[in-house]
Amino acid sequence: MGGSEKEFTITSGDPSLQVTTLPRGGMLLQWDDLVVQIGAYPETIKDTLKGETGVPNLFIQPESLFDIHNGISLAELEFPLYYNYYVKGRKLRIVCRPEQSRPIFRLLKEAVFGPSSFHLEREFARGAQTYGFPDLRAEGAWYKTVNGRRLKLGDFLEPIPCEVNESVEVDNTRITILPGDKYRFERDGVVKEVQFKPLPTPVFSHDGGTEFKPPEFGITVLGAGHGFDVNSRTSGFIIWIGGRGLLVDPPAHTTQWMKARNLDSRLVEDILLTHCHADHDSGTLQKVMEEGRVRLHTTNTVMESFVRKYRSLLGLDSEELEKLFDFQPLLLGPKLSILGARFRFWYTLHPIPTLGFEAENKGKSFAYSCDTLYDPEVFDQLHEQGILSKERRQNLLDFPWDADIIFHEAGMPPIHTPLKVLAGFPEDVRNRMYLTHVSADIVGEERSIKVAPTGLSNTLILHEEQPLSKEEQPLKLLDILLHAEIFADCPLEKSLEFLQIVRTERMAMGDEIVREGEWGDHFFLVSQGEAGVFKGTELIRTLRRYDYFGEMAIVLDTSRYATVRALTDCELVVIDRCDFIKFIANTDLPGLLHRVARNKLNDLWPVMKANRSLNPLSPFQRGQLLSILEPRNFKAGEVLFTAGGLPLEIYLVATGAVRLVSSRAGEFLAERGALFGRFPEKDRLVTHEVSAVAARDGQVFVGTLTKLRGFFRRNPGTFVRISRILRQDPFSVST
C-alpha cells in the first residue's frame, strides 16, 4: 500500500452515478455536476487531487467521526479546507448530523488557529525571562491576518446540519441521511442511494530489504512528502538511539508499515509530537490506539492542543484520552535526555505551536527544523513590526547548521521555508542537509540539496552499533526482561536474580536450537535476529527480539512441542531448567506459564488472528493474552450468560457456535473467531444486552474482566478500540 500506488475503484453499477472508493479511504460520488465525498480519512486529498473531479468542496460526514478498526479519524477535513480556501477561494461545506458539528468545529479550529490561550512560562527554564522567549499568540495572529482583518473559522467552513431521516438541499440535489450510514440523493425526480463503506485495513508491501538491525544512532525516514504531495508519504521518521526508536510525527498507518517490514513495535515505544497539523498528528493518534502503552514526548501546549482536537472524535473526556499514553512533558532551552540521547527543543515560526530540535549522541548530532519559515529578511520585518523580539529573532536565526545531519523543510512561504534561502547556504551545509516536507519535483534546478531518502535500507547512520561495554551488558539483559510479556509483572527484586542466572549464546543461520520430541533443558529469549518455530517442515511462527520459547517442555514436564531453527544469525538469552524453575517459584509465573503452554497447544494464536479486532494485535500483545485466556468446553443448549446480567467475562469462540439472542435485534450465530461480551463503562452500570446460548458443542477461550484489567492497563488504546466495537454492535460481538 501506500495509497498512491493503488488505482481508484468504481463501485457503482449505475453509469449516471459514479461512486469511487478512494485508495486512502472514503467514497467520491459524481452525479452530473454534483461532486461529494463521504468520509475524510487522513491524506485522502492526495487521491482526489489526481482524480478528474479534483478536490470537492462538499463532504458528508459518516455516522462515526472515528474509524475505530483502523484507529484514525473519519473527519480529517483540515487539508481539504486549506485547499478550498487558499487555492480555490471558497468555503468547505460539510453535511453532518447536528451532534457532529461541535467536534468537527473544535478539531478544525485547533488545527487552523491553534490554542486560544497560552501559558508558555511553565515550558521554559526561566519562564518569560528565558532568552528568545516567543510571543506565539502574536506570531499566530500574523499568519491569520489578511488585509488587516483577522480570519475566523467561518471564513473557511460552512457546516450543514442534518438529522437522520431528514434532508437538506445542496447544489440542486436533495440529500437525505438514512439509518445505517446510507445516503439518498434526489434530483429531477431521480433517486439514488449509497452505502458508506469504511476503509479495509491497509496492506503494505515489503521493500525487499533484509533483516534490519537498528543502528546505535541514525534516522530511518518513513516519508518526506507534504500533505498535498500525491506521490509521496507524508513526512515522518524514526530516530534510532541505542537500538531503540523514537517516532517523530509518524504518518498514518505507520504500524502497518512496520509490520510489513518485520520491525518489532517493541523497539519503538516513544513518540515525539512536534505540532497538531493533520499531516503530523494523525499517525500519532493511530499509534496510540493500535499499540501497547507508548510514551508521548511534547510540550504542555502541544499536548493540550492534541487532546482538544481528538477527545471529541473518540467520545472521551480529556482525562480518559490522556490515560491512553504516558505523557513526557518537554522543557525548552536546556538539554534533555530521551532514550539516552541529549535533545534541545525550541518553538519554530509557524501558524500553530511547533517544535524544532537538535539531538546529540556518541559525539554526533542531528538537527530538525520541522515545519517553519526560515527567512532572515522576514525575521527582520517581523522584528520591526514588534512581533519578534530581538532575542526571539536571533534565536530563530541560530539554527544548528553545524549538525552532522540536517533535516530541513521547504515549501511555500510564509508558512514554509523558501528553497532559495536554503540553496544560498554554503556547500558544506548543503552537503549535510536533507529536505523534508517536499515533493521531489519541488527541488527543480536546485538539486544541490537532497530529499531525505525513505525506507529501512536507506537509513542514515550517524554511529554504527559497537560491542557492548561491560557496564552496558546488564542494561541490555534487563531490557530483554522488561519486554518479555511473561515477566511483565515480575517483582523488581527478581531482576538481580535474572542477571545472575542468564547467559548469552550465538547461533548461525540454519542452526537447530531445539528439536521437536527431545527433552527440554533450557528456556530461551531472543536478543537479536530471527528464529522459526516448525511443526514438521511447516513454519508456524517467527520469533524476534523479546520473544521466548522453551517454556512448554519445562512447565509441562514433557518433550519439545516443536523444532526451533535460526532463520538469521541470532543471539539468545538462555536459562537452564533448574535455574528457571527456581526463578519462577513463589511467583504467579508457574500458573501463567501453564496457561500459555496449554493455549499454545489449543491453537489460541490462530483463533485470535481470525478476529478482526484481535488480528491487529502485535505478537507481544497476543502473547499477553495467551497468559490470560482460559479454554472452556460447552455443550449445545448450555447458557453462557443472560440478558440483564452483569458482565464478568469476555468470550472468544474457538470451535462450535454460540447463538446471541437480542429482544430488539433478533439472533446472531457466533462462530470461530467471534469475540463477544461487554466491558465496564465510566459512570454507568453495564449489563448484558443479549443472551448467549451454545448452538453446537465447542470451545471458547474465556477472559475474566479482573485478569483482563492488567492487559488493558498496558494496552489502553486496545481497550478503547475493542470496547467501542463491542458497545456499538447490537449483539456486542466482533467477528
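So, in the stretch 516-526, how many residues would count as being out of contact with any helix residue (DSSP H, G or I) (no Cβ under 6 Å at 6 or more places or on another chain) and either loosely packed, with under 14 Cβ neighbours inside 10 Å or under 18 Å from VAL502 (Cα atoms) (or both)?
Residues of the stretch 516-526 that are out of contact with any helix residue (DSSP H, G or I) (no Cβ under 6 Å at 6 or more places or on another chain), as a first pass: 516-519, 522, 524, 526.
Filter once more, keeping what is either loosely packed, with under 14 Cβ neighbours inside 10 Å or under 18 Å from VAL502 (Cα atoms) (or both): 517-519, 522, 524, 526.
Here the count works out to 6.
Here ILE628 fulfils each of the conditions (1) within 30 Å of VAL533 (Cβ to Cβ); (2) part of a strand (DSSP E or B); (3) touching a Gly at 6+ places or on another chain (Cβ under 6 Å) apart from (2).
Against the condition in contact (Cβ under 8 Å) with a residue 60 or more places away in the chain, part of a loop (DSSP other than H, G, I, E, B) and closer than 25 Å to PRO179 by Cβ, how does PRO103 come out, does it pass? Here the answer is no, as PRO103 does not meet what is asked. Restricting attention to the stretch 301-312, does a residue exist that is acidic (Asp, Glu) and either surrounded by fewer than 19 Cβ atoms within 10 Å (Cβ to Cβ) or not in a helix (DSSP H, G or I) (or both)? Checked against the condition, which is being acidic (Asp, Glu) and either surrounded by fewer than 19 Cβ atoms within 10 Å (Cβ to Cβ) or not in a helix (DSSP H, G or I) (or both), the stretch 301-312 yields no hits at all. Among the residues of the stretch 126-161, just one is among the aliphatic types (A, V, I, L, M), surrounded by 11 or more Cβ atoms within 10 Å (Cβ to Cβ), under 15 Å from ARG392 (Cα atoms) and in contact with a helix residue (DSSP H, G or I) (Cβ under 7 Å, 6 or more places away or on another chain), namely LEU136.
Values quoted throughout were computed directly from the atomic coordinates according to the rules given, and no laboratory measurement underlies them. These numbers come from a predicted model, not from an experiment. Because the Cβ atoms are built from the backbone with ideal geometry, glycine has one as well, and the counts that use them run over all protein chains shown.
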